[in-house]
Amino acid sequence: MNEMTNNMETLREGSAKDNRNETDVILEDKTLVEGPSALYTLIVEEPAQSDDSSSYSMTLSEFEEDRWYNPTSLPDDAAEIESIQRLIKYIRVGNQTATAIALAALVDYNLRDECTQSIVIATGGTELLINLLETDHNECRHGALAVLNEMSYMLGTRRNLTNLGAIPILVKLLSDRSLDLQILSAETLANVAKIKKGRKFIRKAGGIKLMVNYMDVPHQVLKTESEMLPVVQQKLFSLLCNCSKALWSMSKSDKNKDVMRRSGIIPVMAKLLTSVHEDVVSSIMGIIVNCATQPVFRTAIKEQGMLIDILKLLKSPDIEMMNNAATITFNCAEDPESRKLIKEQGGLNSLVNIVKVESHKCETKLMAAATGAIWKCLMNPDNVKRLEDINGIHVLVKLLDSDSEDVIANTVASLAECTKIGRNKIALRAADGLVPIIKLLQDTGHERILVNVCRVIDNCASDPLCMEQVVSNDGIRLVWSMMKFDSTLVQSTAGHTLVTLLKNTKESSDIMRSLVTGLVMLVDLLKSHDTRVLAAACAVIGILAKEPENLAILTDYDIVQRLSSLVHTSNSDLQAHLSRAIGSCCLLERNCHTFGRLDVVLPISKYIHSNSELVRQNVTFALHGLSGDAANCVAMESCGVVPFLMETIASRDPDVQEASAGCLANIRKIALNARRLK
């Protein structure tokens, strides 16, 4: 034993008494390889920690396959290389005592250093250490696991452990009688779980259920500071921390989330959220962030009372904790009950306070999460009222100059919810928010921003002073240009917004004539396969075709043929706007005849049986327009539209009344003429 100890000391001091060249590394007693060449290609660079909400369980899939690289440097001290090599040799050929001593000496090296690890890996140390995990000697197992645990902080070793079949062995050690082995095993698995393949193997080895069980610790452990706990409970606390970190990484996979849920993690998370230990709460929040993307978890978060505890963390001084709380609030604010709960617990106030802090403006992810949560909450009218009470619209307007498009998108979406209420349109204008919103139409190509800008403008168009700002800032032309944007959602939203603007502007005729150069584009939109785009285009045509010059140009571009090809649609929204468009196009007499020749009357007449009230109202405009042709009148009467028109003539809408009366008059006129001829 004394001789072995002396040998270890000699190795630790860097002694090298071998007669071989100092630039060579000893792999076996009879094998020599040059130091640098034997160690290349075995280490991958550890990616820098991300600063996002799950920084320590960041996604590494982009690194897993192709980030292996040659280390830029190796130890210049050949004695250090030889010392590590000698330790590996003693571990391989020594007895239990020698192995335990060698492992203890190896642990003292900086095993998180890539050069040191390259030596261990090149000499077959990883496989040797994994084999030692299956021995019956407790000290050897503990020493080997301690070395592997330190090495697992490097990405290359995580992948090496996965490929060499170490994960089932590590999972088995979770059930060992020794708490120390359980703690080291859980910590090592937490590191390995940062790679996708590692997460899969841990699940298949049954590691998730074991870790969930170990997280269910006694109440005293959660409510007592760690240094005040008895030794055994301190170890339970360490095991809890390592397991929660491992499951934080594991929760990135939907399959893992399902296994975690079936293993009973939901009540365990609810219990751990009340812990006094910030590192435990931080890990649990990371797990919830990943799991809250699934409806079943969101429901459980609400029903288990976790949302209340999470909302309290919106006031945390820790940025990451605040970010996680805001992200979970954003995900959970999908249903009316959760939005109501957020309001009752003061969550909206906390979110607004977060975005008000100047120092938070540079925390892009926190701002995006908080503004996103505000937007979801404002889908509840009660929350809109609460936002008004705390002057929240002025706060939101100040965020429009953010460098983050996600923050701007969430902010504009929030304002779109607010401006559904008349007084908030005035508040937005008073806060000088409408003009910068209009300018976003020419300053960004972000789809969500453009869609919500159109929504805000659509909402504000009913206010005369807001409408003046839209017109004076070229808002109508900018909205019109959005119908050329390469997004069907932007196109359809812009189309409906344009209709609202044209209906509310005083100079509608002049503006409609100014849009004549874009009519070709409008007709081309009728080739779209998206019914929302088709409906929006028809809605715009229904307005623009009322101007004779526009109608003449549209007719030259075969608008009648394009509209006729759409009449067999079953989409009620498209039916409603198509009816308006056909009615407007029939203002040109020859179009009325062409529609009849293209067999439009019969399918249009079937719209009278629609369950949509809007379709039933709008079809009266198409019938009125088509009734300008005698043959169409005969066809309509045979389709049984007269009783329907007798019903709609009593509509509360004067335009519907007029269209119904006009169509009946034309049909009656044709019927009287027919009788005279007889």
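The values are calculated or read from the model by the stated rules, or taken from the named source; none is laboratory data. All values derive from a computational prediction rather than experimental measurement. FYI the Cβ positions are ideal-geometry reconstructions off the backbone, even for glycines, and counts take in every protein chain you see. The protein model used for the area step is the full one, side chains on, heavy atoms only, and it has no ligands, DNA or RNA in it. Shrake-Rupley method; radii C 1.70, N 1.55, O 1.52, S 1.80 Å.
Can you sort 362, 115 by solvent-accessible area, 1.4 Å probe, largest first? Don't skip to the end; give the middle numbers.
Working: 362 100, 115 15 Å².
Greatest to least solvent exposure: 362, 115.
Over the chain, give the accessible area per residue in Å² for a 1.4 Å probe, as an integer. Show your work: numbers first, answer last.
Working: 29850 Å² over 678 residues.
Ligands and nucleic acids excluded, the result is 44 Å² per residue.
Return the whole-Å distance between the Cα centroid of segment 208-259 and the Cα centroid of segment 397-417. Rounded to whole Å, the Cα centres lie 39 Å apart.
The charge dipole of the chain, taken about the Cα centre with unit charges on the Cβ atoms of Lys, Arg (+1) and Asp, Glu (-1), comes to about 3380 debye, rounded to the nearest 20.
Here the accessible area of segment 159-238 is 53 percent carbon and sulfur, with a 1.4 angstrom probe and all protein chains present. Between the listed residues 673, 515, 436, the Cα displaced farthest toward the positive end of the dipole of the chain, a dipole computed from Cβ unit charges relative to the Cα centre, is found at 673.
Suppose accessible area is computed on protein heavy atoms with a 1.4 Å probe; arrange 219, 360, 496 from highest to lowest. Kindly include the intermediate steps, with their values, before the conclusion.
Details: 219 115, 360 20, 496 60 Å².
If we order 219, 360, 496 from most to least accessible, we get 219, 496, 360.
The heavy atoms of residue 649 offer some 70 square angstrom of accessible surface to a 1.4 angstrom probe.
So for the chain, averaging the separation of alpha carbon pairs under 8 Å that are six or more residues apart and normalising by length, what relative contact order in percent results? Mind dumping the intermediate values first?
Values: 959 pairs, mean separation 37.6, N = 678.
The value is 6 percent.
Tell me, what % of the accessible area of segment 306-411 is carbon and sulfur with a 1.4 angstrom probe? Walk me through the numbers before you get to the answer.
Details: 2150 of 4390 Å².
On segment 306-411, the fraction of accessible area on carbon and sulfur atoms equals 49 percent.
Under the rule of -39500 (n - 2.57) per DSSP H run of 4 or more residues, summed and divided by the residues of the chain, what mean residue ellipticity at 222 nm is obtained, to the nearest 500 deg cm²/dmol? Walk me through the numbers before you get to the answer.
Working: 45 runs with 467 residues, N = 678.
So the helix-based figure for the chain works out to -20500 deg cm²/dmol.
In this structure, residue 506 and residue 650 have a Cβ-Cβ separation that, at R0 = 41 Å, corresponds to a calculated FRET efficiency of about 0.80.
A straight line joining the Cα centroids of segment 603-637 and segment 459-475 runs 35 Å. Projecting the Cα atoms of 475, 288, 90 onto the charge dipole of the chain, computed from C-beta unit charges around the Cα centre, puts 475 farthest toward the positive end.
For segment 435-488, the share of accessible area belonging to carbon and sulfur comes to 49 percent (1.4 Å probe, ligands and nucleic acids excluded).
Of 553, 667, which has the most accessible area and how do the rest follow, probe 1.4 Å? Spell out each step's value before the answer.
Working: 553 45, 667 10 Å².
These residues rank, largest area first, as 553, 667.
For residue 250, neighbours were defined as the other residues whose beta-carbon sits under 9 Å from its Cβ, and their charges (Lys and Arg +1, Asp and Glu -1) total +4.
Considering only the other residues whose Cβ falls under 13 Å of the Cβ of residue 458, what net charge follows from Lys and Arg at +1 and Asp and Glu at -1? Computed value for this residue: +2.
When the surface is traced with a 1.4 Å probe over the full set of protein chains, residue 178 keeps roughly 30 Å² accessible.
Accessible surface for residue 556 stands near 110 Å², nearest 10, in the context of the full protein assembly shown (1.4 Å probe).
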